[in-house]
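All remarks here apply to the structure that follows.
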Amino acid sequence: MQQAALITRLSRAARRRSRPYVLLFKPRVMSLVVFTAAVGLLIAPTRPDFPTALAAIALIAIGAGAAGALNMWWDADIDLLMRRTRNRPVPAGQVSGRTAMALGLVFSLLSVLTLGALTNWLAAGLLAFTIFFYAVIYTMWLKRRTPQNIVIGGAAGALPPMIGWAAATGDVGLASLSLFLLIFLWTPPHFWALALFTRDDYDRAGVPMLTVTHGRAATRRQILRYAVALALAAVLPVVAGIGGIIYLAVAVPLNGVFLAGAWRVAHRSESEADRDHYRAERALFRLSLWYLFLHFSALVGDAALRTLTP
């Protein structure tokens, strides 16, 4: 009994010590990267064997986590000023900035080189570009300089399904580009809906989010415009041949609901939003959390259906 209790205490202590390092790699963001990359690999016309596919997805996840660590190292000063981010490991003092930077660089290099050796160098090159784009172009350059930070920086989050596709096929085609565009156009309304009810955070940190530089009314209009563009882009997987009946059954009503939510957000005044504590904006943000999962899951369903159909 004493040995079991000692093992339990040691296990809990190990989890407490390791938790900041796990959070350093932004597991929530990583989960979206893993999922979309896995879908890109799964629906590709050719696939590597299961162990190679599993290793490729793990390496893409490690690369994404490394980029997250570099982001957290660089942004520690502004993360400390925002309620949403001040408890992250680096601003909270649980992991030093130097350690975050070192881990980010080491795991970036490790993931890229291993993915190239295991699959192909196109996939590795796309992963390297994704890490560079997120850590340098978005984090170090765009984020603090332009309200288009989310728009341009969204390219980093949109690349994982292309990496998965490239790991499976060794090329980049219209199908994987359609997945890229779906995520790229989803990113602005997703983050701007969040920014509408967390603007004070960005004000304090001096981050030029669109809500800060152009105001909430302009942000609402932009959300609707991007929602329209997103609905149009949602057709492209069908055109590319990877979206079928299951995808259409999901995408058509889901984009209709998303457009309706964006319309409500775009045509509300700030006084209305204040009165109901940003109910419509929060609802659109919650819906955006499901948007990609449902679209990409439907694509997997269509791929499985094609496999089962003679």
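Let's see how each residue does on (1) under 29 Å from Pro147 (Cβ atoms); (2) of a type in the set (A, V, I, L, M):
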{"position": "Arg221", "(1), (2)": "yes, no"}
{"position": "Tyr226", "(1), (2)": "yes, no"}
{"position": "Ala234", "(1), (2)": "yes, yes"}
{"position": "Val239", "(1), (2)": "no, yes"}
{"position": "Ala266", "(1), (2)": "yes, yes"}
{"position": "Ala280", "(1), (2)": "yes, yes"}
{"position": "Thr307", "(1), (2)": "no, no"}
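Per-residue answers, yes or no, for (1) under 19 Å from the mean Cα position of the chain (by Cα); (2) at pLDDT below 95; (3) within 22 Å of Tyr202 (Cα to Cα):
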| position | (1), (2), (3) |
| --- | --- |
| Thr46 | no, yes, no |
| Asp49 | no, yes, no |
| Ile57 | yes, no, no |
| Met72 | yes, yes, yes |
| Asp75 | yes, yes, yes |
| Ile78 | no, yes, yes |
| Arg88 | yes, yes, yes |
| Ser96 | no, yes, no |
| Ala100 | no, yes, no |
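Summed over the range 107-152, residues that are more than 27 Å from Met209 (Cα to Cα) and free of Cβ contacts under 8 Å to residues at least 40 places away in the same chain total 7. I'm told Arg286 meets every condition in (1) surrounded by 18 or more Cβ atoms within 10 Å (Cβ to Cβ); (2) without any contact (Cβ under 8 Å) to a residue 60 or more places away in the chain except one. Can you identify the failing condition by its number? Exception for Arg286: condition (1).
Taken residue by residue, the range 129-141 has at least one member that is surrounded by fewer than 18 Cβ atoms within 10 Å (Cβ to Cβ) and closer than 20 Å to Met82 by Cα. For Trp263, the conditions (1) within 27 Å of Ala38 (Cβ to Cβ); (2) part of a helix (DSSP H, G or I); (3) in contact (Cβ under 8 Å) with a residue 12 or more places away in the chain are fulfilled apart from (1). Within the bounds of the range 238-256, is there any residue that is of a type in the set (Phe, Trp, Tyr), surrounded by 20 or more Cβ atoms within 10 Å (Cβ to Cβ) and modelled with pLDDT under 95? Checked against the condition, which is being of a type in the set (Phe, Trp, Tyr), surrounded by 20 or more Cβ atoms within 10 Å (Cβ to Cβ) and modelled with pLDDT under 95, the range 238-256 yields no hits at all.
Of the conditions (1) farther than 30 Å from Tyr202 by Cα; (2) of a type outside the set (Asp, Glu); (3) surrounded by fewer than 24 Cβ atoms within 10 Å (Cβ to Cβ), Arg144 clears all except one; give me its number. Of everything listed in (1) farther than 30 Å from Tyr202 by Cα; (2) of a type outside the set (Asp, Glu); (3) surrounded by fewer than 24 Cβ atoms within 10 Å (Cβ to Cβ), Arg144 misses just condition (1). The test for being touching a residue at least 12 places away in the same chain (Cβ under 8 Å), under 28 Å from Gly256 (Cβ atoms), over 16 Å from the mean Cα position of the chain (by Cα) and surrounded by fewer than 23 Cβ atoms within 10 Å (Cβ to Cβ) does not hold for Leu181.
Could you pull out the residue among Arg275, Arg282 that is under 26 Å from the mean Cα position of the chain (by Cα), farther than 19 Å from Ala233 by Cβ and among the charged types (D, E, K, R)?
Values: Arg275 fails: under 26 Å from the mean Cα position of the chain (by Cα).
Matching residue, one of Arg275, Arg282: Arg282.
Out of curiosity, is Ala217 over 19 Å from Pro161 (Cβ atoms) and buried (at least 24 other Cβ atoms within 10 Å of the Cβ)?
On the way: over 19 Å from Pro161 (Cβ atoms): yes; buried (at least 24 other Cβ atoms within 10 Å of the Cβ): no.
Here the answer is no, as Ala217 does not meet what is asked.
Taken over the range 200-241, the criterion of being assigned to a loop (DSSP other than H, G, I, E, B) and free of Cβ contacts under 8 Å to residues at least 40 places away in the same chain is satisfied by Gly215, Val235. Residue pairs whose Cβ atoms lie under 7 Å apart, separated by 6 or more positions or on different chains, with the first residue in the range 31-44 and over 17 Å from Leu115 (Cβ atoms) and the second part of a loop (DSSP other than H, G, I, E, B) and of a type outside the set (D, E, K, R), are Ile43/Ile242.
Among the residues of the range 114-124, is there at least one that is aromatic (Phe, Trp, Tyr) and either modelled with pLDDT under 95 or crowded, with 16+ Cβ neighbours inside 10 Å (or both)? Break it down stepwise before answering.
If we filter the range 114-124 for residues that are aromatic (Phe, Trp, Tyr), which is where we start, we get 121.
Retained after the next criterion (residues that are either modelled with pLDDT under 95 or crowded, with 16+ Cβ neighbours inside 10 Å (or both)): none.
Looking for residues that are aromatic (Phe, Trp, Tyr) and either modelled with pLDDT under 95 or crowded, with 16+ Cβ neighbours inside 10 Å (or both), one finds none in the range 114-124, hence no.
Residue count for the range 266-310 satisfying the condition of being within 30 Å of Gly241 (Cβ to Cβ), in a helix (DSSP H, G or I) and either touching a strand residue (DSSP E or B) at 6+ places or on another chain (Cβ under 7 Å) or not small (Gly, Ala, Ser) (or both): 16.
The values are calculated or read from the model by the stated rules, or taken from the named source; none is laboratory data. All figures in this text were calculated on a predicted structure; none of them were measured in a lab. Every residue, glycine as well, gets a Cβ built from its backbone with ideal geometry; the counts of neighbours run over all protein chains shown.
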